[in-house]
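Asks: Here it is, the structure in full.
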Amino acid sequence: MKQLIAIAFLLIPLFTIAQNTATVFGRVYDKDTSEPIPFVTVAIKTEKDSVLVTGALTDDNGQFTIEGVKIGNYTVNFSFLGYTSKSIELVVNGKNSFFDLGKITLEPSLTNLESVTVAGEREALAADLSKKVFTLDDNLTQVGGSVLDAMKNLPGVTIDQEGKILLRGSDKVAVLIDGKQTGLTGYGNQKGLATIPMSNIERIEIINNPSAKYDATGMAGILNIIYKKESEKGWNGDVGLALGIGALGKRRADLPTDWPSFDNNKKITPSLSLNRRSDKSNFYFQSEVLSQKKLPNNEFTTRYYDNGDVVASQVPENRRQTQYVFKTGIDLFLDESNTLSITTIFDREHHTDTAQVPYIDQQIERRQRYWSWREEEITGHFNVSADFKHKFSEPGRELKASIQYTRGGEDEEYFLNDSSDIRISTDRTHLIAIEHTIPITLDYVKPLRQGRFETGGKLQVRRLPITYDVSPGNQSVIYEGLGDQSDWGENLYAGYFNYVYEQKKFDIEAGLRAEYVDVFYDLDPANIYYDQNDAYNYFELYPNVRFSLRLNENNILSVFYNRRVDRPGEPELRVFAKYDDPELLKVGNPYLRPQFTQTVETAFNHDWSSGSVFMSVYYRQINDPFMRVYSVDNSNPDYNIVNKIYQNVGSGSNLGVEILLSQTLTDWWKASGSFNWYVNTVDAYSGTILFPYVRTFNIENTDDITWDTKINNQFTISKNTELQLSYLYFAPKNIPQGRQFERSSLDLGAKRVVLAGKGEFTVSFSDIFNRFGLKQEFREDNFRALYENYYETQVVRVGFKYKF
């Protein structure tokens, strides 16, 4: 009830949906001679009352181009002295940015030339049901943070305790940067987003139903992160500094330990951006350095066993971290038709994590052991890409080619110390993973009189070899017999076409993507748990269909269908376990298979002068979903071990309703928000776990019925001062083998523009009441666990940026 009262007081979150305008072009010829006709008057008028909207004159070649045509129904009139006038219908509905009216012929006559005024006007807002666009300059409550922090406020988006992104309740999300996968987004592993500064990002696009043009990966859809790029000529840029402090208070007292969880964690983030644009080129450089203390995990786990044992533990993961992110590139405008772009992204992150994990026997209130560890980890990504774009004479007709190379690295070393009645000893593990990825793409788009045609292809090669070195101590808890190396690889070959047809009252989009994938995973012959390497290949078709009906100028109804795939990446397959908590062990499964999803969605959008509402109902059918399952491991009788291991679990589904609302209440107050209700169903399933010994696991039929809302208010205090107040609430929900409790966050942010618009002060305070921690309960045969993770969610940041 308290949460609902808070919702009633706060109203609803602000987002910005970008609007499309269209460019119309064509060629006018004499019907008898087939010669181009210059100086033809081309007038675009509203269909309803013939009011002139904009226009142009044809050039010496009979060609014309008219930009900035807003959404609506029009007639295009062609007139010239000595010719019979001609009119054709034009429907602009936001789905297509370019309209090629093709070859228009006029018959000679004795008609007078009509006079016309050339006019144009661009509008800031419009609805495109296939994509939602959110600018980050308005996201004040997370200013100074990372892209991952900013996504916290996006409708339908949730960030879990491991840094994974969930969209409409699913973590199977494809994350792109400037329309491409890179090492920063990890090809399915999204933790690299925590290193991308929000200040360098212009907008984030949410594409729930991608067309065949996009990779088939990502059941829940695509998040496309678009970097800022200046358009003004000459030198310009900005320099900034952000200071912060996190984990201001402890939600729960630490268990008895010599290494308590970090609090009052200081952070400093300097940044620099440069841009130089001329007629021949555009050079840009963006950088940010982060130095901080952080509490990425603070896990309290209480295990209840059927024999009466109750064991409590805490993993306070204390981190000291330094990150560097640099992006630089150049656009070379070879001529009016050809552009070559070369871009590099470099990211290096080093952190030291320390933790002393106490295990307390709750029955006798006695500490059983201390498990202490220190992790030294260096991760880095280097990405270089070359993109060539050729523009044909018709606006909007383009051919793009791209090749890129990404090298990602992970160097992770654990020093593990055990102090218990059983043993006092030290273990060490050292893992090095190097990822190489080379994608090559070709894309072609051809605008049509009533739509557009797209086609292209992709070749991608990925390799990820791993070396694993172990130095076990006496009576080590580290599993022997895993070997010391593995090699994972994937080759992908894809082609697609996509066609959009637009009419006055409706439009249709249909596409088909074909992909052939060849996967191998070579394990060390010394591995005793998995006795054979895994290799397979498959060919699949991924269709997409969209039908949109324009009920009137303010109401659009759309229906979507698509088929997509989610492939397990190397982290989900990795056979080498993580020992940050050796009694709650995270490990992969090299025999995982892809999951396939079919989605149907119906969406409705209504606009009015001061706002809009978007509503959708969606359903997904999932075959062979993969997820972590909990299973008791009795391989070592001296310890109470539970494995968290990835498994395919048969079938499932996802049914949901999403509502987005935006409203300008006054000239100083804007409100908007999102509401997402969904049911995640996992069907009953029994399977077999092979590690570290063969045993069965069971999952009961689970219906996760839950909802979340994001409430936001944007206040214009004065010409130069803005304030934002946001509230997030996630209702309790069922999860496989258990239940997750409610969580909420109240965030505040402000911005003050100074120095005649060149300077900007910002301040933000996230999770003011420290209520966004995670609490879950799990049940398995002979076992129950209460899991609480009070990681760092409460952060205060202040910053200043100067533009030049």
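The values are calculated or read from the model by the stated rules, or taken from the named source; none is laboratory data. Keep in mind that this is a model prediction, so the values were computed, not measured. In this analysis, Cβ positions are derived from the backbone assuming ideal geometry, glycine residues included, and neighbour counts consider all displayed protein chains.
Asks: Pairs needed: first member in region 688-699, closer than 20 Å to Lys578 by Cα; second member anywhere, surrounded by fewer than 18 Cβ atoms within 10 Å (Cβ to Cβ) and basic (Lys, Arg); C-beta distance under 7 Å; at least 6 residues apart or different chains.
Replies: Once the first residue is closer than 20 Å to Lys578 by Cα and sits in region 688-699, its partners that are surrounded by fewer than 18 Cβ atoms within 10 Å (Cβ to Cβ) and basic (Lys, Arg) give Ile689/Arg695.
Asks: So for region 260-278 (the condition being polar (S, T, N, Q), under 30 Å from Thr343 (Cα atoms), outside any strand (DSSP E or B) and at pLDDT 90 or above), does at least one residue qualify?
Replies: Within region 260-278, one or more residues are polar (S, T, N, Q), under 30 Å from Thr343 (Cα atoms), outside any strand (DSSP E or B) and at pLDDT 90 or above.
Asks: Within region 482-494, how many residues turn out to be among the aliphatic types (A, V, I, L, M) and over 25 Å from the mean Cα position of the chain (by Cα)?
Replies: 1
Asks: If Leu541 satisfies every condition in (1) closer than 14 Å to Ala216 by Cα; (2) touching an Asp or Glu at 6+ places or on another chain (Cβ under 7 Å); (3) not acidic (Asp, Glu) but one, which is the exception?
Replies: (2)
Asks: Let me spell it out: the conditions are (1) of a type in the set (Lys, Arg); (2) more than 29 Å from Pro525 (Cα to Cα); (3) over 28 Å from the mean Cα position of the chain (by Cα), and Arg452 meets all of them except one. Which number is the exception?
Replies: (3)
Asks: Which is under 23 Å from the mean Cα position of the chain (by Cα) and not β-branched (Val, Ile, Thr), of Gln314, Gln286, Gln321?
Replies: The unique qualifying residue is Gln286.
Asks: Where residues in region 737-753 are closer than 24 Å to Asp160 by Cα and among the basic types (Lys, Arg), which of them is surrounded by the most Cβ atoms within 10 Å (Cβ to Cβ)?
Replies: Looking at the filtered set, the residue picked out is Arg743.
Asks: For region 610-629, which positions are within 18 Å of Arg563 (Cβ to Cβ) and either surrounded by fewer than 17 Cβ atoms within 10 Å (Cβ to Cβ) or outside the structural domain of Val649 (by TED's automatic domain parsing) (or both)?
Replies: The answer is Tyr619, Gln621, Asn623, Asp624.
Asks: State all residues of region 623-649 that are without any contact (Cβ under 8 Å) to a residue 60 or more places away in the chain, in contact with a strand residue (DSSP E or B) (Cβ under 6 Å, 6 or more places away or on another chain) and not in a strand (DSSP E or B); if no residue qualifies, say none.
Replies: Selection gives Asp624, Pro625.
Asks: Report whether or not Ile466 is out of contact with any Lys or Arg (no Cβ under 6 Å at 6 or more places or on another chain), crowded, with 17+ Cβ neighbours inside 10 Å, in a strand (DSSP E or B) and hydrophobic (A, V, I, L, M, F, W, C).
Replies: Spelling it out, Ile466 is indeed out of contact with any Lys or Arg (no Cβ under 6 Å at 6 or more places or on another chain), crowded, with 17+ Cβ neighbours inside 10 Å, in a strand (DSSP E or B) and hydrophobic (A, V, I, L, M, F, W, C).
Asks: Which residues, taken from region 707-720, are in a strand (DSSP E or B) and either in contact with a Phe, Trp or Tyr (Cβ under 6 Å, 6 or more places away or on another chain) or of a type in the set (Lys, Arg) (or both)?
Replies: Trp707, Asp708, Thr709, Lys710, Ile711, Phe715, Thr716
Asks: Name the residues in region 690-736 that are surrounded by 20 or more Cβ atoms within 10 Å (Cβ to Cβ) and more than 30 Å from the chain's Cα centre (by Cα), would you?
Replies: Listed by number, the residues that qualify are Phe691, Pro692, Phe697.
Asks: If you don't mind, there's one more thing I want to ask. Kindly check whether there is at least one residue in region 477-487 that is out of contact with any strand residue (DSSP E or B) (no Cβ under 9 Å at 6 or more places or on another chain) and either under 24 Å from Val565 (Cβ atoms) or free of Cβ contacts under 8 Å to residues at least 60 places away in the same chain (or both).
Replies: For region 477-487, residues out of contact with any strand residue (DSSP E or B) (no Cβ under 9 Å at 6 or more places or on another chain) and either under 24 Å from Val565 (Cβ atoms) or free of Cβ contacts under 8 Å to residues at least 60 places away in the same chain (or both): present.
Asks: Suppose the filter is surrounded by 15 or more Cβ atoms within 10 Å (Cβ to Cβ), modelled with pLDDT of 70 or more, of a type outside the set (Lys, Arg) and closer than 15 Å to Thr41 by Cβ; does Leu90 pass it?
Replies: Answer is no for this residue.
Asks: May I ask you to list the residues in region 471-496 that are touching a Phe, Trp or Tyr at 6+ places or on another chain (Cβ under 7 Å) and closer than 26 Å to Ser211 by Cα?
Replies: Scanning region 471-496 gives a single hit, Tyr493.
Asks: Quick check on region 182-237: of everything there that is surrounded by fewer than 23 Cβ atoms within 10 Å (Cβ to Cβ), outside any strand (DSSP E or B) and on the phi > 0 side of the Ramachandran plot, which residue is modelled with the highest pLDDT?
Replies: Ranking the qualifying residues of region 182-237, first place goes to Gly186.
Asks: So Asp427 ticks every box in (1) over 35 Å from the mean Cα position of the chain (by Cα); (2) over 30 Å from Ser313 (Cα atoms) but one. Which box is left unticked?
Replies: So the condition that Asp427 fails would be (2).
Asks: Among the residues that make up region 356-368, is at least one of them part of a strand (DSSP E or B) and more than 24 Å from Phe300 (Cβ to Cβ)?
Replies: No, there is no match, as no residue in region 356-368 is part of a strand (DSSP E or B) and more than 24 Å from Phe300 (Cβ to Cβ).
Asks: Considering only residues that are closer than 24 Å to Lys446 by Cβ and either crowded, with 17+ Cβ neighbours inside 10 Å or of a type in the set (S, T, N, Q) (or both), which ones fall in region 93-113?
Replies: If the condition is that a residue be closer than 24 Å to Lys446 by Cβ and either crowded, with 17+ Cβ neighbours inside 10 Å or of a type in the set (S, T, N, Q) (or both), then Asn93, Gly94, Lys95, Asn96, Ser97, Phe98, Phe99, Asp100, Leu101, Ile104, Thr105 are the ones that fit.
Asks: Follow-up question, since we're still on this one. Look through region 142-151, keep the residues that are of a type outside the set (Gly, Ala, Ser) and touching a Leu at 6+ places or on another chain (Cβ under 6 Å), and return whichever of them is surrounded by the most Cβ atoms within 10 Å (Cβ to Cβ).
Replies: The extreme case among them is Val147.
Asks: Sticking with this one: If only one of Leu167, Leu154 is surrounded by fewer than 24 Cβ atoms within 10 Å (Cβ to Cβ), hydrophobic (A, V, I, L, M, F, W, C), under 11 Å from the mean Cα position of the chain (by Cα) and modelled with pLDDT of 75 or more, which one is it?
Replies: Selected residue: Leu154, the only one of Leu167, Leu154 that is surrounded by fewer than 24 Cβ atoms within 10 Å (Cβ to Cβ), hydrophobic (A, V, I, L, M, F, W, C), under 11 Å from the mean Cα position of the chain (by Cα) and modelled with pLDDT of 75 or more.
Asks: Let me ask you something else. Only one of Gly457, Gly396 is in contact with a strand residue (DSSP E or B) (Cβ under 6 Å, 6 or more places away or on another chain) and at positive phi; which?
Replies: Unique residue meeting the criteria: Gly396.
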